[in-house]
Each structure stands twice: as C-alpha cells, then as structure tokens.
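One structure is given here, and the rest of the page talks about it.
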Amino acid sequence: MDKIKIAYMGTPLFAKIVLKKLIENYQVDLVITQPDKEVGRKRLLTPCPVKALALENNIEVFQPLKIRNDYQKIIDLQPDLIITCAYGQIVPKEVLECPKYGCINVHASLLPKLRGAAPIHHALINGEKETGITIMYMDESLDTGNMISKKSLKIEDEDNVETLSLKLANLGANLLIETIPSILNETNESTKQDDSLSTYANLIKREDELINFNDTGKNIINKIRGTYPMAYFKLEDAETKVLEASFVEDNVTDPSYITILDKNNLAISCQDGLIYLKKIKPFGKKEMNIKDYLNGINKESLKNKKVN
C-alpha cells in the first residue's frame with residue numbers, strides 16, 4: 001500500500017497515550033488539538049499532552065479555536081484517514097467527509113452505552129462492572145456511527161477515573177493499531193448501533209461533584225471514584241475534596257453528620273451507614289491522609305457537625 005496521510009485529533013492524556021502508539025506504527029502528518037490553556041496561579045499558557053507529544057515528534061500541530069469555523073488546513077492536507085480521540089469539539093461534516101477511508105473515533109465505552117463526553121466518569125458513577133473501547137466511524141451525531149471493533153475491560157473495585165482512564169487508554173491504543181489495517185484494506189465489518197440500548201454520559205459539572213450524604217454508601221463511594229479527584233463536601237461553607245473513602249453499613253438516623261472522631265478515624269453518616277474518609281484535600285491545603293488531618297485540628301470542634 002502507498003504511504004497514507006493520517007490526521008489525528010485529541011487533547012488530554014488519554015489521547016496522548018493513543019497517539020504515542022499510533023506514532024510507533026504509522027506516520028502522522030498533522031495533529032489537531034485544543035488551544036493552549038492558562039494553568040496554575042501564574043496563568044502560564046501550557047500545551048495539552050497531545051500537543052506536547054506531537055512537538056516532541058516533529059509533527060505539525062493545528063489548534064483551531066472553533067473547528068466548525070476553521071478547518072481548511074485539514075481539508076488542504078487531503079488526509080486518507082482521520083482518527084479522533086477525546087478531542088473536545090464537534091467535528092463538522094466537511095471534515096468528516098474529507099478522508100478517503102473515513103473519520104474514526106476511539107471511544108471509551110462499549111457503545112451504544114455511554115455515548116458522550118464523560119463515559120469513564122459515568123461508568124464508575126453508575127457502578128458498572130465492565131466497560132471498554134469502541135472503534136467507530138464518525139457521523140454528524142454524538143457517538144452514533146457504525147462500530148468497527150470493540151474490546152471490554154473489567155472495572156475493579158479500587159478503580160477511579162485516573163486508574164481506569166490509563167487502562168482504557170492503553171486498551172484503546174492497542175485496539176486502534178489492530179483495527180487500522182482492516183480499515184485501509186476495506187475488509188472491516190461495521191455494525192450499526194442499536195439506538196434503543198443507548199445511554200448518555202454528559203460532561204461532569206461542578207455541581208455533579210458535590211457529595212450527597214443522604215444517598216446510599218454505595219452511590220457515594222461510586223461518586224468519589226467517578227469524579228476523582230474533585231468530589232467534595234462542604235463544612236461551614238469550606239470545601240473539602242474526598243480522594244479516597246470506604247463504606248461500612250450501619251443503622252443511621254441522621255445522615256450527613258460527622259459521627260465518629262478519634263485520633264485516626266473520621267466518618268460521615270449516610271443513608272445506610274458510615275463513609276470513612278481516608279484521604280482528603282481541605283480547602284487551601286495539600287492532599288493528606290485522615291490521620292495527618294486530625295493531628296492538625298481541634299477534634300472537638302468537629303464532633304456532631306453537619307456537612308453540606
């Protein structure tokens with residue numbers, strides 16, 4: 001087969017892992033990613049992980065502010081194949097129809113389940129036991145195109161967004177490399193999605209990260225895992241992020257109260273038991289385990305306090 005032109009579209013670490021594997025196996029001619037963002041207290045303009053990797057490999061980078069209005073550079077390349085992975089913008093029809101072999105997407109769920117921007121978060125929040133990767137042809141709708149290949153992955157009890165993202169990124173990278181030859185040879189079988197089985201994974205908003213201690217312990221733990229490291233509660237209007245916690249079933253009359261407090265343990269009551277905090281990030285402070293946190297505060301002041 002003659003040399004093919006490949007354009008790759010992606011932004012975060014997940015997409016960087018997939019791009020790295022792609023670069024090891026194919027020549028990538030153009031990387032399309034989001035504009036640099038201000039990061040940290042000094043608001044320094046910082047490239048995303050995908051851009052950083054592209055520059056390391058001397059690949060041209062294109063960063064349109066809004067791709068729906070600025071895509072001529074992609075058309076001019078005349079790519080044979082466009083691969084997208086967690087790009088973060090809706091790709092216009094003109095781009096989708098440009099490449100000879102189509103525009104494919106590496107999606108982090110077993111479609112048609114969890115279409116949308118945050119499938120990894122919602123798989124954990126929903127308490128799913130299994131997820132995976134789907135390689136699919138893109139169309140104008142949200143993750144509705146025909147599926148080319150799939151591979152599943154068990155979700156472990158200790159998984160959170162960070163650990164599951166890494167597992168899925170590596171799974172997706174390998175599945176992409178396995179799948180590309182059948183696309184280029186036009187021997188792949190694409191399967192239409194059953195829309196009646198579809199579910200959606202909308203972008204996580206700040207209000208979605210607030211822990212509701214009137215919920216069940218299982219749901220709370222899943223929210224902490226699924227919004228890591230941003231799940232939080234409020235105590236006297238100060239936010240505390242919960243990075244790690246465990247649940248113990250118990251008879252509880254008043255959810256949302258700090259009910260156990262000694263030199264090593266702090267727990268908050270929920271609908272059906274107690275949430276033991278293991279690792280937290282108090283507002284304005286660094287991450288710490290609960291023992292270190294308790295060593296630095298007046299413990300009596302927290303007894304029987306209500307959160308949120």
* Asked: Where a Cα-Cα gap under 17 Å defines reach, which lysines qualify for K154, not counting those fewer than 8 residues away within the same chain?
  -> K113, K129, K167
* Asked: Relative contact order of region 9-71: what whole-number percent is it, with Cα pairs under 8 angstrom and at least 6 residues apart?
  -> 37 percent
* Asked: To the nearest 20 debye, what is the magnitude of the charge dipole of region 51-147 about its Cα centre, counting +1 on the Cβ of each Lys and Arg and -1 on the Cβ of each Asp and Glu?
  -> 220 debye
* Asked: Using +1 on the beta carbon of Lys and Arg, -1 on that of Asp and Glu, and nothing else charged, what's the dipole of region 206-302 about the Cα centre, debye to 20?
  -> 480 debye
* Mark the label point 7 Å from the Cα of K100 along Cα→Cβ and return the residues of region 11-28 whose backbone N is within less than 19 Å of it. => 26-28
* Counting all C-alpha pairs of region 2-118, share separated by more than 21 Å (%) -> 36 percent
* Asked: Tell me, Y8, Y137 in order of fewest to most beta-carbon neighbours within 10 Å?
  -> Y137, Y8
* Structure fact -> Sorted largest first, the Cα spans of region 206-302 on the principal axes come out in Å as 30, 29, 21
* **Under 18 Å from the T216 label point (7 Å along Cα→beta-carbon), backbone N, region 257-298** => 269-276
* **Ordering of 39-52, 158-171 by packing [mean C-beta count within 10 Å, highest first]** => 158-171, 39-52
* Asked: From the list (1) 1.00; (2) 1.16; (3) 1.05, can you say which value of Cα Rg over 2.2 N^0.38 Å was derived from the structure given?
  -> (2)
* To do: Would you mind checking region 64-107 for residues with the amide N under 18 Å from a putative spin-label position 7 Å along Cα→C-beta of K3?
  => 76-82, 100
* To do: Mind giving me the nanometre distance, one decimal, between the label points for L142 and I90, set 7 Å out from Cα along Cα→Cβ?
  => 0.9 nm
* To do: For region 206-302, calculate the relative contact order in percent as a whole number, restricting contacts to Cα pairs under 8 Å that are 6 or more residues apart.
  => 25 percent
* Obtain the nm distance between the two label points defined at I177 and E158 by a simple spin-label model: each point lies 7 Å from its Cα along the Cα-to-C-beta direction. => 2.7 nm
* 0 to 90° range, to nearest 10: angle between helix 217-226 axis and the chain longest Cα axis -> 40 degrees
* Asked: So what's the angle, to the nearest 10 degrees on a 0 to 90 scale, between helix 13-25 and the longest Cα principal axis of the chain?
  -> 30 degrees
* To do: Note the angle between two axes, namely the Cα long axis of helix 161-184 and the longest principal axis of the Cα atoms of the chain, as a number of degrees from 0 to 90, rounded to the nearest 10.
  => 10 degrees
* With a cut-off of at most 10 other beta carbons within 10 Å, and DSSP calling the residue loop, which trypsin sites (Lys or Arg not before Pro) in region 76-154 qualify? Please list them. => K129
* To do: Would you work out the charge dipole size for the chain about its Cα centre, treating the Cβ of every Lys and Arg as +1 and the Cβ of every Asp and Glu as -1, and quote it to the nearest 20 debye?
  => 960 debye
* Structure fact -> Under the 7 Å Cα-to-Cβ spin-label approximation, E186 and L45 lie apart by a distance in nanometres of 4.4 nm
* For the chain: relative contact order, % (alpha-carbon pairs under 8 angstrom, 6 or more apart) -> 13 percent
* To do: Give, in nm to one decimal, the length gained when the segment between Q78 and N251 is fully stretched (0.36 nm per residue of separation minus the Cα-Cα distance).
  => 55.8 nm
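Every number in this text was worked out from the coordinates using simple rules, so none of it is lab data. Keep in mind that this is a model prediction, so the values were computed, not measured. Backbone-built Cβ (ideal geometry, glycine too); neighbour counts: all protein chains shown.
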